[in-house]
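Peer 1: Could you have a look at this structure, given as structure tokens, before my questions?
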Amino acid sequence: MEYKLIRSKRRTLAAQIVHGELVIRAPFYATTREIDTFIANNRKWIETHLAKAREIEKRAKSYRTLTEEDIKALAAKAKKIIPERVKYYAPLIGVTYGRISIRAQRTRWGSCSAKGNLNFNCLLMLTPPEVIDSVVVHELCHRKEMNHSQRFYAEVLRVFPNYEKCHKWLKKNGPVLMAMIE
């Protein structure tokens, strides 16, 4: 099995699928034999995730790559829509928040810092409105619970009962949207 090897000061071996390619992260001291054994022991996971990555790439090719202008337009739209949604949901959840930032990201839909600053992906503008709301609620609920505990999800579902449906939509379609950014 072909892979890219990245050695570092890490203590353990790890496998990642990056742009449809297997990447093995290994400690400097790991031997080739240890790496080969790790790959053999994790072969099923690797094959499953490589297949998923290839399917995403295949689906993404049916869409065009977003240009810099496209991303700027999505970000401008997001800067108008997302703060309004945050403003709507924050009182329902009973939280405050800091700055709202909009970015083009390949791995995250949103995040919440310990200071209450919120970050959102401009690609949310390519999703249905209820998906945008589900991400806004998710991040605002982190103002109460900075984790993904049962209490956190209970709060999310209290405010946004359709959360699971939207989460499934993002799981299915999100990787294709993110693959549109080079």
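Bear in mind these aren't lab numbers, they're just calculated from the coordinates by the rules spelled out. Bear in mind the structure is a predicted one, so any value in this text is a computation, not a measurement. Note that each Cβ is placed from the backbone with ideal geometry, even for glycine, and that neighbours are counted across all protein chains shown.
Peer 1: Cα centroids of region 108-182 and region 1-73: how far apart, whole angstrom?
Peer 2: Centre-to-centre (Cα) distance: 24 Å.
Peer 1: Please provide three numbers in whole Å: the alpha-carbon extents of region 106-155 along the principal axes, with the largest listed first.
Peer 2: So the extents along the principal axes, rounded to whole Å, are 29, 22, 16.
Peer 1: Additional query: Rounded to the nearest 20 debye, what is the charge dipole size of the chain about its Cα centre when +1 sits on each Lys and Arg Cβ and -1 on each Asp and Glu Cβ? The partial results should precede the final answer.
Peer 2: Details: 34 positive and 18 negative charges, 60 e Å.
Magnitude of the dipole: close to 280 debye.
Peer 1: Taking every DSSP beta bridge that has both residues in the chain, what percent is antiparallel when rounded to the nearest 5?
Peer 2: Working: 8 of 17 bridges.
Bridges in the chain that DSSP calls antiparallel: roughly 45 percent.
Peer 1: Give me the tail of P(r) for the chain as a percent: Cα-Cα pairs with distance above 20 Å.
Peer 2: Working: 10213 of 16471 pairs.
Distances greater than 20 Å cover 62 percent of the Cα pairs.
Peer 1: Given charges of +1 on the Cβ of Lys and Arg and -1 on the Cβ of Asp and Glu, with all other atoms neutral, how large is the dipole of region 4-60 about its Cα centre, in debye to the nearest 20? Write down the numbers at each step before the final one.
Peer 2: Values: 13 positive and 6 negative charges, 38 e Å.
Approximately 180 debye in magnitude.
Peer 1: Quick one: helix 129-141 against the long Cα principal axis of the chain, what's the angle to the nearest 10°, folded into 0 to 90?
Peer 2: Value to nearest ten degrees: 90.
Peer 1: Something else about it: How far, in degrees from 0 to 90, does helix 68-93 lean away from the longest principal axis of the Cα atoms of the chain, to the nearest 10?
Peer 2: So the helix axis and the longest Cα principal axis differ by about 60 degrees.
Peer 1: Restricting to DSSP H runs of at least four residues, report the calculated mean residue ellipticity at 222 nm for the chain, -39500 (n - 2.57) per run over all residues, nearest 500 deg cm²/dmol.
Peer 2: Values: 6 runs with 93 residues, N = 182.
It comes out at -17000 deg cm²/dmol, rounded to the nearest 500.
Peer 1: Also, I was wondering about something else. To the nearest 20 debye, what charge dipole does region 118-182 have about its Cα centre, counting +1 at the Cβ of each Lys and Arg and -1 at the Cβ of each Asp and Glu?
Peer 2: Numbers: 8 positive and 7 negative charges, 44 e Å.
Rounded to the nearest 20 debye, it is 200 debye.
Peer 1: Using modelled backbone amide H atoms (1.01 Å from N, in-plane), which distant-in-sequence or interchain residues come within less than 5 Å of residue 100's amide H?
Peer 2: Under 5 Å from the amide H of residue 100 lie the amide H atoms of 118, each far enough along the sequence or on another chain.
Peer 1: Still on this model: Would you order 146, 180, 125 from fewest to most other beta-carbon atoms within 10 Å of each residue's own beta-carbon?
Peer 2: Details: 146 12, 180 17, 125 20.
Exposure proxy ranking, most exposed first: 146, 180, 125.
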